[in-house]
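Undergrad: Please see the structure below; I have some questions.
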Amino acid sequence: MIYLILPWVLYLFPTDSVGVVTHVDFQVTGGFHPSPADHPVDLGIAESYLPNWTAHRLDPEAARRWEDLPPLAAMVLSARFDSVRMIANLPLRRDIDAWRRDPTGSNLLLAPGELDINVPYEGWISWSSTGGTNLKLGRFRQSFSPSPYGVILGSDLVHDGALVQVPMGRWSFEVFFSSLNPWLTGVHADGSVDPGSEADLQRTRTIPNERGRNYSDPYKSLFLHKLSCQVGAWDLSLVEQLLVGGKAPQLRDAVPFVMWHNNFGDGYSKVSTAVQAIWTSQSLGRFHGQGIFEDIQSPVGEVEGSDPRVIYAANLGWRLDKKCPSGDWTATSDLSLTSATFNNHELPLLKGTSRRLYRSNNRDQDAPGFVDTWIVDQPLGYLRGSDALDLWTHLDWSATDHSHGAGVELDWLNQGDAAVWMDEDTLSHRKGPLSGKVTTQWRALGHGWTKVTKSLRLDGGLGVVVVDAPEGEEQTLTLHPDVFGSLSVGF
């Protein structure tokens, strides 16, 4: 396949190379990481097609745990010629429903129906100029936060999109586009729509600035523009995130060279403004801060008596890397905060989520409770979504020769019950964070790894999670173990 595509790429990006360098990596991994025991994984029916045919909603944290579990086998094909590079990642992994129902959380395939049919998840092409300009196109992971717990597209999700990075001395400019899944729940197999469902709300609900208009075409697109400046030890950035939903994206919606787009939330767009500051010291490490605002009351388009909400999120963090005679040390700490309706919206196609549909052959169609689709809404900003106040801390060590290492994680996580997939109109009075019924977690996790040989690696971890969660009218304290392990062989 790569050799079929490369001639066209060579035509677009001429090269003086006499040949193409290709490489294949193959890895086999046996691993386990059970689904989290501290909260429900199956969140119930998302939509029904027949009495015994449904799609269910899956908890996004459980889906991330499944994605982080190494596949049983993976083959990575890569090709490079001059400054053009191509990558295709082809994993053989266990179906998400089969993994969820297995108490051991194993990645082993035990039956043909347990094969994940949704792969591949990554494949892209990139080009870099001698001046530092980078272009990337395909299906790839992307984040614009210096920390995995950031709020500016910080969840490191896989996107079908394009990225352009242009350096300009101390300045730099980045443009990112992602084509998101516009699937809305509430549609039956015969095409009828449930009243009050996402599909119904998108085609019937209007917001004040729509002036009675509706946008319900099956499109959902994300645009991001980032302008950065390096000033001494400071890296300062200004970011615009623009969601366009319910209509096909047009050039006027997100002209790359216009930083802020005056669409005024006309019913098909939602604009978020963000700022970021990073300060780096050789002795103290790197400090970073982010803030993002989605809705600030202004005289433009406001309706008398409307709720003066401010939708926001913020992240403060620190990272220190030290090389010592005993090995390499890394310490990190992050504080993340999101309001109750962050990434939410009255119109479903303007919610700040990346919806993934995992099709499954794991269940017999004639068995009771047949489910063939798992719907996961991963937040586009902070990975744990809205209504959260979290503190993450990590300390990691690796030997000087990188043959083995260990680490510890201590976290304090708090989240209200204003889930991003809930109808925003029912949450409009919440200013948050930590609204409604609040769940608190204290987590202590330790892990270690060692390279038994050059191609054989052993990983493992063990920890406890203490959960203070609402149970009826009272809070209930429970303790849950968390354990994982893997053995990988590379070829």
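The values are calculated or read from the model by the stated rules, or taken from the named source; none is laboratory data. In this text the structure is predicted, and so the values were computed from the model without any measurement. Counting neighbours? That spans all protein chains shown, and the Cβs are built from the backbone with ideal geometry, glycine included.
Undergrad: Return the residues of the stretch 66-100 that are over 19 Å from residue 29 (Cα atoms) and not in a loop (DSSP other than H, G, I, E, B); say none if nothing qualifies. Spell out how you get there, then give the answer.
TA: Taking the stretch 66-100 as the starting set, the residues that turn out to be over 19 Å from residue 29 (Cα atoms) are 78-87, 97.
78, 79, 80, 81, 84, 85, 86, 87, 97, listed by residue number.
Undergrad: Check off (1) crowded, with 18+ Cβ neighbours inside 10 Å; (2) of a type outside the set (Phe, Trp, Tyr); (3) part of a loop (DSSP other than H, G, I, E, B) for residue 417 and give me the number that stays unchecked.
TA: (1)
Undergrad: So which of 402, 429, 394 is surrounded by fewer than 19 Cβ atoms within 10 Å (Cβ to Cβ) and assigned to a strand (DSSP E or B)?
TA: None of the other options fit; the residue is 394.
Undergrad: Looking at (1) of a type in the set (A, V, I, L, M, F, W, C); (2) within 23 Å of residue 184 (Cα to Cα); (3) modelled with pLDDT of 95 or more, which one does residue 231 not meet, given that it meets all the others?
TA: Of (1) of a type in the set (A, V, I, L, M, F, W, C); (2) within 23 Å of residue 184 (Cα to Cα); (3) modelled with pLDDT of 95 or more, only one is false for residue 231: (2).
Undergrad: Just the residues that are modelled with pLDDT of 95 or more and either within 23 Å of residue 196 (Cβ to Cβ) or surrounded by fewer than 16 Cβ atoms within 10 Å (Cβ to Cβ) (or both), please, taken from the stretch 28-41.
TA: Correct list: 28, 30.
Undergrad: Return only the number of the condition from (1) in contact (Cβ under 8 Å) with a residue 40 or more places away in the chain; (2) under 19 Å from residue 165 (Cα atoms); (3) surrounded by fewer than 17 Cβ atoms within 10 Å (Cβ to Cβ) that residue 235 does not satisfy.
TA: Evaluating residue 235 over (1) in contact (Cβ under 8 Å) with a residue 40 or more places away in the chain; (2) under 19 Å from residue 165 (Cα atoms); (3) surrounded by fewer than 17 Cβ atoms within 10 Å (Cβ to Cβ) leaves (3) as the failure.
Undergrad: Does at least one position in the stretch 174-181 carry a residue that is of a type in the set (Gly, Ala, Ser), assigned to a strand (DSSP E or B), within 23 Å of the chain's Cα centre (by Cα) and under 21 Å from residue 79 (Cα atoms)?
TA: No: the stretch 174-181 contains no residue that is of a type in the set (Gly, Ala, Ser), assigned to a strand (DSSP E or B), within 23 Å of the chain's Cα centre (by Cα) and under 21 Å from residue 79 (Cα atoms).
Undergrad: Now for a separate question. Please name all residue pairs, on different chains or six or more residues apart, with Cβ atoms under 6 Å, provided the first residue is in the stretch 22-42 and is assigned to a strand (DSSP E or B) and the second residue is β-branched (Val, Ile, Thr) and surrounded by 14 or more Cβ atoms within 10 Å (Cβ to Cβ).
TA: These pairs meet every condition: 25/76; 28/489.
Undergrad: Return the residue satisfying two criteria in turn: it lies in the stretch 348-375 and is closer than 30 Å to residue 152 by Cβ and small (Gly, Ala, Ser), and of such residues it is farthest from the chain's Cα centre (by Cα). So that I can check it myself, show each step before the final result.
TA: The first filter runs over the stretch 348-375 and keeps only residues closer than 30 Å to residue 152 by Cβ, leaving 348-358, 374-375.
Keeping just the survivors that are small (Gly, Ala, Ser) gives 352, 354.
On the way: 352: 11, 354: 7 Å.
The extreme case among them is 352.
Undergrad: State all residues of the stretch 413-454 that are touching a residue at least 24 places away in the same chain (Cβ under 8 Å), over 30 Å from residue 197 (Cα atoms) and among the polar types (S, T, N, Q); if no residue qualifies, say none.
TA: Within the stretch 413-454, the subset touching a residue at least 24 places away in the same chain (Cβ under 8 Å) is 413-425, 427-451.
From what is left, the residues that are over 30 Å from residue 197 (Cα atoms) are 413, 440-451.
Within the stretch 413-454, 440, 441, 450 qualify.
Undergrad: Another question, then. I want to confirm something. Restricting to the stretch 465-491 and keeping residues that are of a type in the set (Gly, Ala, Ser) and at pLDDT below 95, which single residue is surrounded by the most Cβ atoms within 10 Å (Cβ to Cβ)?
TA: Selected residue: 469.
Yes/no per residue for (1) surrounded by 15 or more Cβ atoms within 10 Å (Cβ to Cβ); (2) within 30 Å of residue 59 (Cβ to Cβ):
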| site | (1), (2) |
| --- | --- |
| 79 | yes, no |
| 87 | yes, yes |
| 100 | yes, yes |
| 103 | no, yes |
| 120 | no, yes |
| 123 | yes, yes |
| 126 | yes, no |
| 137 | yes, no |
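Undergrad: Let me ask something else. Take the residues in the stretch 200-228 that are modelled with pLDDT under 95 and small (Gly, Ala, Ser), then tell me which one is nearest to residue 373 (Cα to Cα).
TA: Among them, the one singled out is 216.
Undergrad: Just to verify a result, which residue in the stretch 199-255, among those that are aromatic (Phe, Trp, Tyr) and in contact with a strand residue (DSSP E or B) (Cβ under 6 Å, 6 or more places away or on another chain), is farthest from residue 294 (Cα to Cα)?
TA: The qualifying residue farthest from residue 294 (Cα to Cα) is 234.
Undergrad: Of the residues 239, 258, only one is over 23 Å from residue 182 (Cα atoms) and in a strand (DSSP E or B); which?
TA: Just one listed residue meets the conditions, 239.
Undergrad: Of everything in the stretch 196-232, what is without any contact (Cβ under 8 Å) to a residue 12 or more places away in the chain, among the polar types (S, T, N, Q) and part of a loop (DSSP other than H, G, I, E, B)? Give them in sequence order.
TA: none
Undergrad: Among the numbered conditions (1) outside any loop (DSSP other than H, G, I, E, B); (2) at pLDDT below 95; (3) hydrophobic (A, V, I, L, M, F, W, C), tell me where residue 340 comes up short.
TA: Condition (1) is where residue 340 drops out.
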